[in-house]
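Structure record follows, encoded as structure tokens.
The values are calculated or read from the model by the stated rules, or taken from the named source; none is laboratory data. The structure presented is a predicted model; accordingly, all values stated were derived computationally and were not measured. Methodologically, a virtual Cβ is constructed for each residue, glycine included, from the backbone with ideal geometry; neighbour enumeration extends over all protein chains shown. For accessibility, only protein heavy atoms count, side chains too; no ligands or nucleic acids. Shrake-Rupley method; radii C 1.70, N 1.55, O 1.52, S 1.80 Å.
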Amino acid sequence: MMDFWFFSDLVRMFEYPFIQRTVIVGALVSLCAALLGVSLVLKRYAMIGSGLSNVGFASLAMASAFNLGKTPLRVAIPVVVLAAFLLLRISESSKIKGDSAVALISTSSLAIGSIVIASTTGMNTDVCNYLFGSLLAMSMEDVWLSISLSVVVITLFVVFYNKIFAVTFDETFAAATGSKTGIYNMIIAFLTAITIVVGMRLMGTMLISSLVVFPALTSMRLCKKFSTVTICSAVVSFVCFFIGIVLSFRHDIPAGASIVIVDVAAFIIFSAVSMVGVATGLYKKVFGKQKLGRFL
Amino acid sequence: MALLTCENAAFAYDGKLCVEGLNFEVNAGDYLCIVGENGSGKSTLIKGILNLKQPVSGRVYAGDNLHVTEIGYLPQQTAVSKDFPASVFEVVLSGRLNSRGLLPFYSKRDKEIANENISKLKIENLRNECYRELSGGQQQRALLARALCATKKLLLLDEPTSGLDPAASNELYGIIRQLNRENKITIIMVSHDIHGAIGFASHILHLRSRQLFYGTKEDYINSEAGKKFLRRAGEDDGFLVF
Ligand SMILES: Nc1ncnc2c1ncn2[C@@H]1O[C@H](COP(=O)(O)OP(=O)(O)O)[C@@H](O)[C@H]1O
Ligand SMILES: [Mg+2]
């Protein structure tokens, strides 16, 4: 039977330790990205993922060019965290707004990265792996580092959830009533930076933004509360990652691209459901006040 | 001691003076209405009171029994994006954040307070609705409920009725008066809608890049600045209120 064959195939797939590693790291990163994504999309910082990943790319290129050890994440993480704080500062304190600030940092670090690569190692598989993503190259140390960082990100997100909502919804009010909004913004930037660096290995610098943006946008089609959007994003992100990674192994396509395509499909399905629901009035009935509306 | 005192304060943007010579005090139970034309520095003063902006000279300070985290605020414009998903309850509850300090989650009591304020503003039926899908008046009520969650003492309202139709404005003014009279909440309200606003006020502060008048409403109506301003506002509206 088709289903059974697919299932046993799946089981066999997970016998490989490197696939287990990929799935664990990938699932955790997808969760982190989805949780933070809601806030970033709503703060109009959707492209921060792509910007920071270019910084990560430049720092990884430097790390490999100058042979800075076997765990390039150790170089990339502090650099990207710094870049995230810088980004925040630029768009807060001056007349350069969020999206332009991201473009500035993003393109300049891409330029630096390409110059470093061209003048040292040249375009090799290592570089390609950074651009398009591959987990196969991850060392055990990187895997453990990624797992612990993801757990830290998820924990901090849960602890700061209410504050993140407040600064995302209305920063002025939060500041006016005495919340330290600067610190909470820095926490968001810090968590984002870590998520991006860890996620880059899987998705590649070109596609990492999708991990941040898609789940949030997808769940915003149907859910209308911050809490449900957040939970729905996490679920959507995890499911899409899982389907994407299985498709990637079965059809031998890059994992990052495969996950993005599944994300696109989910977005289209959610949009269609929302449109049909509104058009037919079904939405009000099913998701209306009395029933599911309490939860959605 | 006064709840709030402003001593010869002046505010500037990028070194350019915007409003100066501010001298007034607000006592518990007052209802102060700040009037003046657009660009006269009303919102700037509100930000100064909230400590979001520091005065370039003079000072603004709160009395002994008022802490920054005990001020409720209704911003002039809440730049909430069109697609922001949040229920009315989530928005109102977020007003309790300042009282949480470093604690991560809201307590049962916080949720009770949020529900009480939702009832006070008669928006129980909107509790689980999506904030962005409400009408302007309903949104202002939700934001007022949020502000009430943040304070029992002082509410700062910056043009709370801009963008509302006259009926919704009057309702909102009614609620604000009730909060002032029955719940003993001190009100500082900015408005350029002179007759709706001044009606319930106890004190008036008139700004035009500096302080033109500060005093009780009765004195204001008889003052030079007040007469001029009220006459002009009356002409604009086609009728006189006082
Ligand atoms: N962020 C800002 N940067 C520079 N100038 C500002 C800023 N906000 C307000 N101003 C200027 O300060 C003056 C007073 O503004 P504001 O306090 O908003 O007036 P009001 O609320 O009375 O309409 C205006 O001339 C305005 O141009
Ligand atoms: Mg104003």
Relative contact order (%) - criterion: Cα under 8 Å, at least six apart; region: chain A: 28 percent
FRET E, pair A:PHE132, B:GLN77, Förster distance 60 Å, beta-carbon r, rounded to 0.05: 0.85
Per residue accessible area in Å² of chain B, where ligands, DNA and RNA are left out and the probe is 1.4 Å: 46 Å²
Residues of region B:35-58 buried by at least 20 Å² on assembly (accessible area, 1.4 Å probe, chain alone as reference): B:LEU50, B:LEU52
Length-normalised contact order of chain B in % [C-alpha pairs under 8 Å, at least 6 apart]: 27 percent
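With a 1.4 Å probe, how much accessible area is buried between chains B and A, both sides summed, in Å² to the nearest hundred?
Working: alone 12400 and 14870 Å², together 24430 Å².
For chain B against chain A, roughly 2800 Å² becomes buried.
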Aspartates and glutamates whose Cα lies under 17 Å from that of A:LYS43, excluding same-chain neighbours fewer than 8 positions away: A:GLU92, A:ASP99, A:ASP170, A:GLU171, B:ASP83
Evaluated over region A:16-295, the Cα radius of gyration and Dmax, each in Å: 19.2, 65
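Anything over 28 Å Cα to Cα? Flag those among B:LYS122/B:LYS152; B:LYS108/B:LYS152; A:LYS180/B:LYS122, in the order listed. Spell out each step's value before the answer.
Working: B:LYS122/B:LYS152 18 Å; B:LYS108/B:LYS152 18 Å; A:LYS180/B:LYS122 31 Å.
Pairs exceeding 28 Å: A:LYS180/B:LYS122.
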Of B:ASP165, B:ASP193, B:ASP30, the one that fluctuates the most in a GNM where chain B has Cα springs shorter than 10 Å: B:ASP165
Under 26 Å from B:LYS16, Cα to Cα: lysines that are on another chain or at least 8 residues apart: A:LYS95, A:LYS97, B:LYS42, B:LYS47, B:LYS53
Calculated log₁₀ intensity ratio I(q)/I(0) where the Debye formula runs over C-alpha points of chain B, q = 0.07, 0.11, 0.15, 0.18 Å⁻¹: -0.23, -0.58, -1.08, -1.45
Whole-number D in µm²/s for the protein assembly as shown (Stokes-Einstein; Kirkwood sum over Cα pairs; 25 °C, 0.890 mPa s): 95 µm²/s
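Answer rounded, prolate or oblate for region B:110-206, using the Cα gyration tensor with square roots of eigenvalues a ≥ b ≥ c: rounded when a/c is under 1.5, else prolate when a/b is larger than b/c, else oblate.
Details: a/c = 2.16, a/b = 1.32, b/c = 1.64.
Oblate.
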Accessible area of chain A divided out per residue, in Å², using a probe of 1.4 angstrom: 45 Å²
Values of log10 I(q)/I(0), in the order q = 0.11, 0.13 Å⁻¹, for region A:1-67 under a Debye, Cα-only, solvent-free model: -0.52, -0.66
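Where the accessible area of the protein assembly as shown is counted over protein heavy atoms with a 1.4 Å probe, how much of it, in %, is carbon and sulfur? If you can, show how the numbers build up before the last one.
On the way: 15030 of 24430 Å².
C and S fraction of accessible area: 62 percent.
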Shape call, region A:54-204: gyration tensor on alpha carbons, a/c limit 1.5: oblate
Helix-only mean residue ellipticity at 222 nm for the protein assembly as shown, each DSSP H run of n ≥ 4 adding -39500 (n - 2.57), per residue, nearest 500: -19500 deg cm²/dmol
Evaluated at q = 0.16, 0.23 Å⁻¹: base-10 log I(q)/I(0), Debye formula over Cα of region B:15-97: -0.84, -1.33
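How would B:ARG231, B:ARG96 rank on accessible area, largest to smallest, probe 1.4 Å?
Details: B:ARG231 130, B:ARG96 40 Å².
Largest accessible area first, the list is B:ARG231, B:ARG96.
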Where a label projected 7 Å from the Cα of B:ASN183 along Cα→Cβ would reach, residues of region B:113-149 with amide N under 13 Å: B:113-123, B:141-149
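Please compute the alpha carbon radius of gyration of region B:79-152, then divide it by the globular-protein estimate 2.2 N^0.38 Å. Two decimals is fine.
On the way: Rg = 11.8 Å, N = 74, 2.2 N^0.38 = 11.3 Å.
Here the Cα radius of gyration is 1.04 times the empirical estimate.
Using the Kyte-Doolittle scale, find the helices of chain A whose mean hydropathy is at least 1.0 and whose Cα atoms extend 27 Å or more along the helix's long axis, counting only whole DSSP H runs. Mind showing how you got there, number by number?
Values: long enough: A:17-42 (38 Å, 1.95); A:73-93 (29 Å, 1.78); A:98-119 (32 Å, 1.43); A:140-159 (29 Å, 1.97); A:181-203 (32 Å, 1.67); A:226-251 (36 Å, 1.78); A:255-280 (37 Å, 2.08).
Membrane-span-like by this criterion, though nothing is claimed about a membrane: A:17-42, A:73-93, A:98-119, A:140-159, A:181-203, A:226-251, A:255-280.
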